[in-house]
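Notes follow once the structure below has been shown.
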Amino acid sequence: MTEIINMDNNYRESILKCAATIKDGGTVVFPTETVYGLGADAFNADACKKIFVAKNRPADNPLIVHISNMEMLEKVAYIDKDLKEKMEHVWPSPLTLLLKRKNSLPDIVTAGLDTVCIRYPDNRIALDLIDACGPIAAPSANISTRPSIVDSGTAIKELDGRVDIIIDAGRVKYGVESTIINCTVNPYRLLRAGAFTVEDIRSMIGNVYVDPLAKGYSQSSVALTPGLKYRHYAPSKKLFLIENEDDFIKFISSEESREFLILCSAKNSVYASEKPIILGDNIYEVAYNLFYDFRLLDDSEKEYGVIQSFPENGIGLAVMNRIRKASFLIVKDKENIDKINRVLNET
Ligand code: AMP
Ligand code: MG
């Protein structure tokens, strides 16, 4: 039985109830500023095991440890003085640090690695909950491979019966996950593009190496082998990304595009053959709507989706990473959009 808790009434009492559930070895779905998380007591291996079961998450994919002050960090990880001082100005924010772990944590949290990801979220409910019972180990709340959850309605639909409590707190602020950087190497290295921008890391913390894979192309090489491609953050329906804007506009104004749910900017919506899903007017709106709209595609009558690309500066790097990882086929550069028809004929 899952209890749904709305924080509008009896805020303090509700926080304490969620904290007691975590201290008792239970699981709680809670909002953060990025996406919903599925949390358990980071020091309780049996409780953390429940996260993997509820999400159907492979055991080799480690969890992120959520803290609400620096003392909590010192219990679970090593951080050098210089970085700690900088983070006192940067946190709370959607930037996750990969650090050397301490042995206080059970192996299940880190999947046996000697490092741990630490996150200090910028959300009042999350911080009050962690204050009351943290540190909390929590990955994103979605079932593995599904799009992350950005609203409590989806959390309830996807996780009712799988967790002890779901906090019903509406939509989150950003809509894409936190940025992760590896701080055990010099220079630091971007492990996942996210809501905290690379530009801000460079101005507030220092240089960070950004691998070309941050753009999210890694999975696309087998895109023409339907069914074999491992996707992430993905809708169940097949999503096609047309990277070149002229090709995208040409496609969405064509007769063939009527079979597709079109996901595009407000600006490009005027070219759509049928009423599109408008992702937004600016890149923050696109980030905010992306995972929500992937789920609208799954619920729509259309069998396929088609989406455009966006500029990759700021949060746009994370947006394009998620779009590419979610796409069944990426039509790059000047490649002909006939490729889409070829795939449709093959499947
Ligand atoms: P999620 O919260 O579901 O977005 O998942 C947490 C992310 O952090 C996953 O991509 C993990 O692979 C990554 N992560 C957590 N701990 C580590 C670690 N020790 N080393 C590398 N990646 C990690
Ligand atoms: Mg996740």
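Across region 337-343, rounded Karplus estimates of 3J(HN,Hα) from the backbone phi angles (6.51 cos²θ - 1.76 cosθ + 1.60, θ = phi - 60°) give 6, 4, 3, 4, 4, 4, 5 Hz, Gly and Pro being marked x. When both region 45-87 and region 312-347 are represented by their alpha-carbon centers, they are found 33 Å apart. Partner lysines whose Cα lies under 20 Å from the Cα of Lys49, excluding those fewer than 8 positions away in the same chain, are identified as Lys23, Lys102. Charging the Cβ of each Asp and Glu at -1 and of each Lys and Arg at +1, and nothing else, the dipole of the chain about its Cα centre rounds to 680 debye. With each label modelled as a point 7 angstrom along the Cα→C-beta vector, the Asn6-Asn61 pair spans 3.2 nm. Going by neighbour counts of Cβ atoms within 10 Å, the residues His66, His232 line up, fewest first, as His232, His66. Stokes-Einstein diffusion for region 1-138, with the hydrodynamic radius set to the Kirkwood value over Cα pairs and evaluated at 20 °C in a medium of 1.002 mPa s, equals 142 µm²/s.
By the count of other C-beta atoms within 10 Å, a proxy for reagent exposure, Leu127, Leu16 are ordered fewest to most as Leu16, Leu127.
Going from the residue with the fewest nearby Cβ atoms within 10 Å to the one with the most, Glu85, Glu177, Glu3 rank Glu85, Glu3, Glu177. Length gained on full extension, Glu301 to Val270: 9.0 nm, using 0.36 nm per residue less the C-alpha separation.
Summarising the amide proton neighbourhood of Thr115: residues at separation of 5 or more, or on other chains, whose placed amide H is nearer than 5 Å comprise Arg101. For the pair Glu13 and Ile143, a Förster radius of 35 Å applied to the C-beta separation gives a FRET efficiency near 0.70, rounded to the nearest 0.05.
A cut-off of 5 Å between modelled amide H atoms, ignoring neighbours fewer than 5 places along the same chain, links Arg189 with Asn182, Tyr209. Scalar couplings 3J(HN,Hα) for region 268-275, obtained by applying the Karplus form with A = 6.51, B = -1.76, C = 1.60 to θ = phi - 60°, are 7, 4, 5, 8, 6, 5, 9, 3 Hz; x denotes Gly and Pro.
Of all lysines in the structure, the ones whose alpha carbon falls short of 20 Å from that of Lys17, not counting any fewer than 8 places away in one chain, are Lys50.
For region 304-318, backbone phi angles converted through the Karplus equation (6.51, -1.76, 1.60; θ = phi - 60°) give residue-by-residue couplings of 9, x, 9, 9, 9, 9, 9, x, 9, 8, x, 5, x, 4, 5 Hz, Gly and Pro being listed as x.
Remark: for residue pairs Lys55/Lys325; Lys238/Lys325; Lys173/Lys238; Lys250/Lys275; Lys173/Lys250, the C-alpha separation exceeds 23 Å in Lys173/Lys238; Lys173/Lys250. Applying 1/(1 + (r/R0)^6) with R0 = 25 Å to the Cβ-Cβ distance of Lys332 and Ser236 gives a FRET efficiency near 0.55. Taking the C-alpha atoms only, the angle from helix 45-55 to the longest principal axis of the chain is near 20 degrees.
Under a 5 Å amide H cut-off, with hydrogens placed 1.01 Å from N, Gly305 pairs with Lys238, Leu239, Phe240, Leu261 among residues at least 5 apart or on other chains. Once the Cα gyration tensor of the chain is found, what semi-axes does its equivalent ellipsoid get, as square roots of 5 times the eigenvalues, in whole Å, sorted largest first? Over the Cα atoms of the chain, the semi-axes work out to 35, 23, 18 Å.
Any read-out appearing in this document is the output of simple, stated calculations on the displayed coordinates, not a laboratory observation. Only a predicted model underlies this, so the values are computations on that prediction, with no experimental measurement involved. As a convention, Cβ positions derive from the backbone with ideal geometry for all residues, glycine included, and neighbour counts pool all protein chains shown.
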